[in-house]
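S.K.: Take a look at the following structure, please.
The values are calculated or read from the model by the stated rules, or taken from the named source; none is laboratory data. Because the structure is a prediction, the values reported are computed rather than measured. Please note: Cβ atoms are built from the backbone with ideal geometry, for glycine as well, and neighbour counts cover all protein chains shown. Surface accessibility is based on the protein's heavy atoms, side chains included, excluding ligands, DNA and RNA. Shrake-Rupley method; radii C 1.70, N 1.55, O 1.52, S 1.80 Å.
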Amino acid sequence: MPSRLPIQDIFAGLVTSIGTAIRYWFHYTLVAFAWLGVVPLTACRIYKCLFTGSVSSLLTLPLDMLSTENLLADCLQGCFVVTCTLCAFISLVWLREQIVHGGAPIWLEHAAPPFNAAGHHQNEAPVGGNGAENPAADQPANPAGENAVLGENPDAQDGQAEEEEEDNEEEDDAGVEDAADANNGAQDDMNWNALEWDRAAEELTWERMLGLDGSLVFLEHVFWVVSLNTLFILVFAFCPYHIGHFSLVGLGFEEHVQASHFEGLITTIVGYILLAITLIICHALATLVKFHRSRRLLGVCYIVVKVSLLVVVEIGVFPLICGWWLDICSLEMFDATLKDRELSFQSAPGTTMFLHWLVGMVYVFYFASFILLLREVLRPGVLWFLRNLNDPDFNPVQEMIHLPIYRHLRRFILSVIVFGSIVLLMLWLPIRIIKSLLPNFLPYNVMLYSDAPVSELSLELLLLQVVLPALLEQGHTRQWLKGLVRAWTVTAGYLLDLHSYLLGDQEENENSANQQVNNNQPARNNNAVPAGEGLHAAHQAILQQGGPVGFQPYRRPLNFPLRIFLLIVFMCITLLIASLICLTLPVFAGRWLMSFWTGTAKIHELYTAACGLYVCWLTIRAVTVLVAWMPQGRRVIFQKVKEWSLMIMKTLIVAVLLAGVVPLLLGLLFELVIVAPLRVPLDQTPLFYPWQDWALGVLHAKIIAAITLMGPQWWLKTVIEQVYANGIRNIDLHYIIRKLAAPVISVLLLSLCIPYVIASGVVPLLGVTAEMQNLVHRRIYPFLLMVVVLMGILSFQVRQFKRLYEHIKNDKYLVGQRLVNYERKSGKQGPSTPPPVSSQE
């Protein structure tokens, strides 16, 4: 091999590399054009063609495919359509798996007519008038529903009847599934081979499917995706929409639907409802004439439509109702009227509905989180009438598949009543009380502009970077709320003599309660359920979070319904007082504190509420820390105060350097390099606002730190990870200043000072004109940035050329590679030949 590669070899290798790059570029361009252009554009144009409603659009569809009008908008809309169709396909596959693994309803699997299985209240046939419900079988469910408000008080006979009924249902389910497996087993073996499917799945990778492996097989996949999009648009959008449209036109509701601004969505949902009713009728007819295959196919289609509608109701309609009800009940708090909400809906219906849905989802989420916290405090079985989300056996999709529609409708109405009543109790009623007691306190100031002398951007930065992270700290806040709930429960239990019902008897006499549980366990396992122990309570006790726990009986006092009613009244009064405190105290404290800064100027109530919440949080945190230190004595308290004072001083120094100086320098450098050259002409003087520069610098610093932590390993990432690992309690001031603050501040100061010294000190000595001095002074910062970027690009290209040089040399002259054992050299020079032992390793 020559000492240096010949020029022709380098040139030939360079041409080969460029040719390979061009080939890959063409292939990946074709892949991007197919998946990001052809597929979405085809889906959008087919969607528009089908919903145009004219025959001419079908005839001109091939020309519309090649049209170049509205390419970007059609591609974006097509991406949404493709996403919806893919989600529908995945949902169908997943629903099939749920039916296969969880079992189909009895009315679908049973060979007999549906009214033979109608006695099972859990899996009734959703067949118009043919699936007559058995009132005797459904009777045990009604007392439990009636006692849902009063607590856990079903009779022993009802609990025993429910147990026997569920045992019979389980036996019937097992027999039906065995019969179905026996009948369909041979057919499944013929039509489906798991080994072949696994082998096909191993061969079809994401790279091969999308075309990233360099082959052209992806063109076939593009064709199938386009066909799948067309099929799903036709079946799941076109047909239901036109069924609903013709029905609404026939019933005369077309004008009302058009006035809702969501004509397409409402018409499609109406079409799905009519389709479900049609499938029920057809299923009943197929059952009567004993067309078993048609009956099963119609039943599966009905399950798909039913689950889809229930998902829309649970995830879409219910949070939307909650969001609108929250808005209506809080109108007086913001000095708004229904007319204002109507105008906002008319101007932007989609945005308004989305915001109300989002507010409703947040409300439902926090309500469910509070119920989970209650389950950790209360005795297992108290909340038997509410579904346990931590139950490993809880599967909402299986409930949608198996439970009849009327039970879902009853559950939906009860949920709307409960959630709406809580909004009335904790929002509307406190607002009325505040307006009567404190007339000048409301409404909250939520205007989008401010006449305050401070910058809105700075306040938002303070809110996002300081206040919210502290308020969203889940550990302490959750523990405080859990402690408050436990204290209230203990107080209410002793006042109303419901301690045994709410918390159980194990706290008063744990040993005797455990012994009683162990002694009574065989009796409960046999048949009898003691008075006050319902099936729901036992189920919730078994499936409580943290593993199975023994069912805890409770002592039933005299006048138990009256005590439960008084408990509910006490709970409502407590929630009302808590809501009054939360609506007034943080805002009042925030207004008082912000008045020292802004004077009489009105600012957004979000800032005052956040400031008040932060002050309240700090106060409660300090009080809890002092209460925890009190039993340890005065000397320990002084020692703790000394340690915390030293830690606070170190933290303040670090905060001044890393949260004050570094963001200020970074924001000023960003202003000089990018903002000022772009916004201020050369004949004007730029003005710098240090407060705003610091606020922007905080954002830039957080972004740079996040990118650094996600990037490769280098000294800045190592230092930041070490600082994060140490935390505030083990803060190392010397390490932070020497390794992090000093280097970063030095680099920023040099970046600011060197261009200024060149522009203000060196350039005037060269005798240039004032205009040239101004040009250099204004453009030297972006010029130096361009120089740094070019140097980085050149260094990157040099490294790439070195790699290309090595690659060409290895391709032309490399004969082979040999693995040689590595041996550490000893102090004395050994023989040149390795010993036999090392050669055998």
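S.K.: Of all residues in the range 267-287, which are of a type outside the set (A, V, I, L, M) and touching a residue at least 12 places away in the same chain (Cβ under 8 Å)?
M.R.: T267, T268, G271, Y272, C282, H283, T287
S.K.: So for the range 19-30 (the condition being basic (K, R) and within 45 Å of the chain's Cα centre (by Cα)), does at least one residue qualify?
M.R.: yes
S.K.: Is it fair to say I280 is open to solvent by 50 Å² or more (accessible area, probe 1.4 Å) and not small (G, A, S)?
M.R.: When the stated conditions are applied, I280 does not pass them.
S.K.: Please find, among C572, C582, the residue that is in contact (Cβ under 8 Å) with a residue 12 or more places away in the chain, open to solvent by 20 Å² or more (accessible area, probe 1.4 Å) and in the same structural domain as H499 (by the TED database).
M.R.: Step by step, each of C572, C582 is checked, and only C572 is in contact (Cβ under 8 Å) with a residue 12 or more places away in the chain, open to solvent by 20 Å² or more (accessible area, probe 1.4 Å) and in the same structural domain as H499 (by the TED database).
S.K.: Does the range 39-72 hold any residues that are over 14 Å from F238 (Cα atoms), of a type in the set (A, V, I, L, M, F, W, C) and open to solvent by less than 50 Å² (accessible area, probe 1.4 Å), and which are they?
M.R.: V39, L41, L61
S.K.: Right, next: Could you check the range 303-391 for helices (runs of 4 or more DSSP H) lying wholly inside it with 2 or more residues that are free of Cβ contacts under 8 Å to residues at least 24 places away in the same chain?
M.R.: Helices (runs of 4 or more DSSP H) meeting the threshold: 338-347, 349-377.
S.K.: Of the numbered conditions (1) of a type outside the set (F, W, Y); (2) part of a helix (DSSP H, G or I); (3) loosely packed, with under 14 Cβ neighbours inside 10 Å, M426 satisfies every one except a single condition; which is it?
M.R.: (3)
S.K.: I'd like to know if the range 53-68 contains one or more residues that are within 34 Å of the chain's Cα centre (by Cα) and of a type outside the set (S, T, Y).
M.R.: No, because not a single residue in the range 53-68 is within 34 Å of the chain's Cα centre (by Cα) and of a type outside the set (S, T, Y).
S.K.: Turning to a different aspect of this structure: From the residues in the range 744-753 that are in contact (Cβ under 8 Å) with a residue 12 or more places away in the chain and more than 14 Å from R778 (Cα to Cα), which one is most open to solvent (accessible area, probe 1.4 Å)?
M.R.: Filtering the range 744-753 for residues that are in contact (Cβ under 8 Å) with a residue 12 or more places away in the chain and more than 14 Å from R778 (Cα to Cα), the one most open to solvent (accessible area, probe 1.4 Å) comes out as L749.
S.K.: Further, regarding this structure: Can you tell me which of (1) within 31 Å of the chain's Cα centre (by Cα); (2) crowded, with 16+ Cβ neighbours inside 10 Å; (3) not aromatic (F, W, Y) is the one T598 doesn't meet?
M.R.: With respect to (1) within 31 Å of the chain's Cα centre (by Cα); (2) crowded, with 16+ Cβ neighbours inside 10 Å; (3) not aromatic (F, W, Y), T598 is out only on (1).
S.K.: Still on this model: With respect to the numbered conditions (1) over 16 Å from V485 (Cα atoms); (2) at pLDDT 90 or above, which one is the sole condition not fulfilled by L558?
M.R.: Looking at each condition in turn, L558 falls short on (2).
S.K.: Step by step: first the residues of the range 705-729, then only those that are open to solvent by 80 Å² or more (accessible area, probe 1.4 Å) and β-branched (V, I, T), then the one that is modelled with the highest pLDDT. Which residue is that?
M.R.: The selected residue is I707.
S.K.: Within the range 274-313, can you find the residues that are under 27 Å from V359 (Cβ atoms) and touching a Ser or Thr at 6+ places or on another chain (Cβ under 9 Å)?
M.R.: V307, S308, V311
S.K.: Something else now. Does A111 fit the bill of being open to solvent by 70 Å² or more (accessible area, probe 1.4 Å), modelled with pLDDT under 85 and either closer than 24 Å to N395 by Cβ or not in a helix (DSSP H, G or I) (or both)?
M.R.: Yes, satisfied.
S.K.: Hand me the list of helices (runs of 4 or more DSSP H) wholly inside the range 205-268 holding 2 or more residues that are buried (at least 18 other Cβ atoms within 10 Å of the Cβ) and of a type in the set (A, V, I, L, M).
M.R.: Passing ranges, in order: 218-233, 239-251.
S.K.: Among the residues of the range 297-307, is there at least one that is over 24 Å from V82 (Cα atoms), surrounded by fewer than 19 Cβ atoms within 10 Å (Cβ to Cβ) and not assigned by the TED database to the domain that holds L92?
M.R.: Yes: the range 297-307 contains one or more residues that are over 24 Å from V82 (Cα atoms), surrounded by fewer than 19 Cβ atoms within 10 Å (Cβ to Cβ) and not assigned by the TED database to the domain that holds L92.
S.K.: Which one of S436, S415 is among the hydroxyl-bearing types (S, T, Y), surrounded by 15 or more Cβ atoms within 10 Å (Cβ to Cβ) and in a helix (DSSP H, G or I)?
M.R.: One residue alone meets the criteria, S415.
S.K.: Just checking, does the range 700-716 include any residue being of a type in the set (V, I, T), more than 34 Å from the chain's Cα centre (by Cα) and closer than 30 Å to V776 by Cα?
M.R.: There is no residue in the range 700-716 that is of a type in the set (V, I, T), more than 34 Å from the chain's Cα centre (by Cα) and closer than 30 Å to V776 by Cα.
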